[in-house]
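As structure tokens, the structure follows; a few thoughts come after it.
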Amino acid sequence: MSIDLSQFFEVFFEESLEGLDVMESELLNLTPGDLDNETINTIFRAAHSIKGGSGTFGFTHVSDFTHVLETLLDQIREGSRELTSEHVNLLLQSVDCLREMLGDLQNNQETDLTNATQLKEKFELILSGEEQSSNVQSPAGQQQVAIEAQTDHGALDTYEVVFKPQHHLFKTGNEPIYLIEELAELGELDVVANLELIPDIHNISADECYVTWTFYLETDKGEDAIKEVFEWVEDDAEITITLCGGLFGDDPVEENTANEPSASESSAQTTAASKNETKNDVSPAANKAASKAASTESTSIRVSIDKVDSLINMVGELVITQAMLTQLGEGEITENKMMALQEGLAQLAHNTRDLQESVMRIRMLPISFVFSRFPRLVRDTSQKLGKEVELKLLGEQTELDKTVMEKISDPMVHLVRNSLDHGLETPEQREEAGKPKVGTVTLNAFHQGGNIVIEIMDDGAGLNTQKIKQKAIQNGLINEGDELSDDEINELIFMPGFSTADQVSDISGRGVGMDVVRRNIQSLNGSIEVTSEQGIGSTFTIRLPLTLAILDGQLVTVAQHTYIIPLISIVESLQIDLKMVNCVGGGLNVLRLRDEYIPILRLHQIFNHSGAIEDLDKGLLVIVESDNQKVGLLVDDLLAQQQVVIKSLEANYQKVEGVSGATILGDGRVSLIIDITGLIKLAGLKKAGSTELAIESLESEEA
Amino acid sequence: MKKILAVDDSASMRQMVGFTLKKAGFDVTEAKDGSEALEIAKGESFDAVISDVNMPVMDGITLIRELRALPAYKFTPMLMLTTESGLDKKTEGKAAGATGWIVKPFNPDQLLAVIKKVIR
Amino acid sequence: MEAVVDELLDSADEHQEDNICQFLTFMMADEEYGVDILAVQEIRGWEEITQIPNSPTYVKGAINLRGTIVPIIDLRARFGLPQVPYSSVTVVIVVKVGLQSGDKIMGIVVDAVSDVYSISESDARDVPDVTNTENTEFVHGLVNVGEKMVVLLDLERVLNLEFGASKN
């Protein structure tokens, strides 16, 4: 039977990576010398499963590598070896190494085994330090034996096999008939059953085996093959195998008796002939599966049963509503029915919304998936920096969309590194300042409205506003004379090309600035802000939508085109009072609204549409905010507000400036979703010179 | 159709074992650890049990011992999945009442060849 | 329209042979062009379309193809041929092309669908140096079918919008 093993690869990768996460977090929990059995067992099981799976699916370099880990862990688990911190470090490195190996397999890339080989050698060195080293060697040794033993003899020999099972044979679950049939597969078989031992009918116990057998087998498979048939019952029966004759072959038979059947033999022998074939079969399949995996980040998602159940409930209700509506639709519509129909439709709308929410919940995972990587990161980074840090994780069960989660991880790593590197002081500095030696970094996640909020707090020195201001003046971001509040100054760290670190450090100064962090978060329709107090600490607050798949949108028209503006970025919509409009040159109009000057962007101009309303007082102005910058978009009219499902425009086309995606409206038409940040950029780019200056001067005025 | 209970904490191994056996015409029920398997086994009957050894909550050896003690599983073939480094586990499993063992790693053909020894 | 397409595609199945490629051909400015039939997903009539702002003139916009957003390229515009008003025979051929950025589904607007030919790969001639078409970079080969000459298109290039973008 041919079974395409590649269909299991994705599950294997997923569970192995999860296993590695478990290993990592448990390893971080370990204290050498004070060993918790369950912890070490959990670590062992993770390694064990990865080894078993990788062996089965043909990833030999992974299983070979995991084998040494497993051996060491087994010894620690059995108590025959003391766990040292060196072990923990090596094991942690192995986790990284395995992650890389699995990642490469998943993406169908060649793995660089240098690191693995070095680590493996270190493990082997540890293992060979004691007599237990035989344990490490034995598998390879056995394999050898097995391969030698499997050689066919090519000559026909006749054996007499006497099989006298003990009475309890059945209770081991073995069935003599199957053994005999298996024996018969080896060659020509004659069976003689010996019934003498069957007791008197009154003394018979149906549970027991009383029959013994003598077999005469003509086979070219050798004695070991016969032994293998009886492998599982050798302790439960008396088995004598005698060679009684046969034709001369190339191999003297005596050699075989020297080889005791070993465990690996059964696997080696059962498919001795097909072994090489099977291996060849696996690799192209592996490639195929891996390349499939490479095209998308991760293709499957685990969903808890209760989410699925609630979904089924929801569908049940929907079906009931539908049945009710169908019934109402039959026959004539009376006034009474009309009422019921409206109620039914309201019910349907309710059901649909619930269903939508439930479906969305399927994509939601607890943020602990992201948080879990931080204990390790904090441990490694703080060691490197010589700082003492305690990491607190709060709200780990807060759920957010899987895609958002995948994308928020990197910015968070950057922020945490930043807190460790620039935020927290050294233990000496902290003591001087009268603070506890050990600094604290807290990650906190919670839901607020339709958003998830993630806070990254440290109790370090806080942002140095003076330094930031100096730097900003140096870089020309602000003017010497500008009056800025502390918060406004702190905001400057998110400006492109800003870095306060005096020296570019290994930890956070990798040329990736806070501006990149902000941009990444904004690309998720989120925002980030910072609050800081000198000497007390800083808090970075990230706000993200719960999902990227659905958006509350405001439909607007420009000429005959319908666009969607994300509701979250709309501040207000108004009719323009021409008296409040100034022209600042370059054709740019600004609206004075209360204390602010708001540049007016004509959507039809930016998108090059003709036939739109061009007079400011005839159209409507939608004030939107992005990047703490407000602009007004001139549109012809506002239509409904509705939730829209976001579809990718890039999937089949390419990125379009000023457009973040598309959706399909109720009538089946495609409508484009406006990307405010992109639009502002587009407007700025399109009008060079004076206009750009105008916006900038406004910006600094705002700031 | 003969029924087999397949127990493994690793989803990929469980799927592979289950898929292979189903393709060979067996009715397969999967369980993710010994305790889940024991509960299932008490509720219905199986013609054979295949179990991994190292599992959380309840390991394979305990599972086999518990099952063997049940009247319904007195004669049921029970196979354990072991790695070559778990040789001593073999003896332990045998003492607990295991019928035989299957060495990890194995491929589907090897699995079926071994299964054939106890159930057809 | 659909019946015609089914017929075309059906006849395409019957002619399946080794080393023979099948091409769906279409007309544009009295010339016959062919695309690999395996790339063709479906053929649709012209329908209302949503414009994509600031896109090249040959990108007519995007349509909703059963929930997927599919861009529509006007091939006449792409080739710099004179525009004609869309009529009842104007069709959109939806094709799938493997571009560097991944598989993309796009629609191309052509004057009319013509036929399906089985052409042996060896029959396709390289593009002669001297040719009356300006768009040699889009041409995969030329082939004679009876009296007619068919221009086989290299869809990957035609629909790689970064390629030859300077033309427009």
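May I ask you to order B:16-24, A:574-582 by the average number of other C-beta atoms within 10 Å around their residues, highest value first?
B:16-24, A:574-582
Distance between Cα centroids, the range A:353-377 to the range C:38-87: provide it in whole Å.
If you average the Cα positions of each part, the centres end up 39 Å apart.
Below 21 Å, Cα to Cα, which lysines can A:Lys307 reach? Residues fewer than 8 away in the same chain don't count.
By straight Cα distance, A:Lys307 reaches A:Lys402, B:Lys32.
Shielding by partners for C:66-75, please: the mean number of other protein chain Cβ atoms within 10 Å of each residue's Cβ.
For peptide C:66-75, the averaged partner shielding equals 4.
Name the lysines eligible as straight-distance cross-link partners of C:Lys60: C-alpha to C-alpha under 27 Å, and not fewer than 8 places from it in the same chain.
Of all the lysines, those that pass the test against C:Lys60 - Cα under 27 Å, at least 8 places apart if same chain - are A:Lys647, A:Lys655, A:Lys681, A:Lys686, A:Lys687, C:Lys96, C:Lys104, C:Lys167.
For peptide A:38-49, what's the mean number of Cβ atoms from other chains within 10 Å of each residue's Cβ?
3
Do any GluC sites (Glu not before Pro) in the range A:177-213 lie in a DSSP loop with no more than 14 other beta carbon atoms within 10 Å, and if so, which?
Sparse-neighbourhood loop GluC sites (Glu not before Pro): A:Glu185, A:Glu196.
Given 10 Å bins starting at zero, what is the percent of C-alpha pairs of the range A:157-248 in each, up to the one with the largest pair distance?
16, 49, 26, 8, 1, 0
Sort A:197-205, A:88-96 by packing, meaning the average of other beta carbons within 10 Å per residue, with the highest value first.
So the order, starting with the most tightly packed, is A:88-96, A:197-205.
Roughly how crowded by other chains is peptide A:15-24, in terms of the mean Cβ count from those chains within 10 Å of each of its Cβ atoms?
Whole-number average of other-chain Cβ neighbours for A:15-24 is 1.
For the range A:303-319 and the range A:602-623, what is the centre-to-centre distance using only Cα atoms, to the nearest Å?
So the separation of the two Cα centres works out to 46 Å.
What is the ratio of the Cα radius of gyration of the range A:550-702 to 2.2 N^0.38 Å, with N the residue count, to two decimals?
1.01
Taking each pair of different alpha-carbon atoms in the range A:305-362 once, compute 1/r for the pair, average those values, and report the inverse of that mean as the Kirkwood hydrodynamic radius in Å to one decimal.
By the Kirkwood definition, the hydrodynamic radius is 12.2 Å.
On full extension of the chain, what length is gained from A:Gln118 through A:Thr541, given 0.36 nm per residue of separation minus the C-alpha to C-alpha distance?
Length difference between fully extended and current span is 148.1 nm.
At q = 0.16 Å⁻¹, what base-10 log of I(q)/I(0) does the Debye formula yield for the range A:403-463 when every alpha carbon is treated as an equal point scatterer in vacuo?
The Debye formula, applied to the Cα set alone, gives -0.59.
With viscosity set to 1.567 mPa s at 4 °C, what whole-number translational diffusion coefficient in µm²/s follows for the range A:366-545 from Stokes-Einstein and a Kirkwood radius over Cα pairs?
77 µm²/s
For a Förster distance of 30 Å, can you work out the FRET efficiency between the beta-carbons of C:Arg157 and A:Ser300, rounded to the nearest 0.05?
0.25
Classify the range A:5-146: rounded, prolate or oblate, from the alpha-carbon gyration tensor (a ≥ b ≥ c, eigenvalue square roots; a/c under 1.5 rounded; otherwise prolate if a/b is larger than b/c)?
It comes out oblate by the Cα gyration axes.
Once the other residues with Cβ under 12 Å from the Cβ of B:Arg68 are scored (Lys, Arg +1; Asp, Glu -1), what is the net sum?
+3
Could you name the lysines in cross-link range of A:Lys384, using Cα to Cα under 30 Å and dropping any fewer than eight places away on the same chain?
A:Lys120, A:Lys122, A:Lys392, A:Lys407, A:Lys435, A:Lys437, A:Lys467, A:Lys469, A:Lys471
At R0 = 25 Å, how high is the FRET efficiency between A:Ser80 and A:Glu100 if r is their beta carbon distance? Nearest 0.05 is fine.
The pair A:Ser80/A:Glu100 has a calculated efficiency of 0.25.
Going 7 Å from the Cα of C:Met27 toward and past its Cβ, which residues in the range C:73-87 have a backbone nitrogen under 18 Å from where you end up?
Only C:75-77, C:81-87 fall inside the zone, counting backbone N under 18 Å.
Here is the link list: A:Lys51/B:Lys74; B:Lys2/B:Lys117; A:Lys227/B:Lys116. Which ones come out longer than 23 Å on Cα distance?
Distance filter (> 23 Å) returns A:Lys51/B:Lys74.
Using only Cα positions of chain B, each an equal point scatterer, no hydration layer, compute I(q)/I(0) via Debye at q = 0.11, 0.12 Å⁻¹ and quote the log10 values to two decimals.
Taken in order of the listed q values, log10 I(q)/I(0) reads -0.29, -0.35.
Which of rounded, prolate or oblate describes the range A:633-686 when judged by the alpha-carbon gyration tensor and an a/c cut-off of 1.5?
oblate
Every read-out reported here was derived from the displayed coordinates using simple, explicitly stated rules and does not represent laboratory data. Because the structure is predicted, anything quoted here is derived from the model rather than measured. Cβ atoms come from the backbone with ideal geometry, glycine included; neighbour counts cover every protein chain shown.
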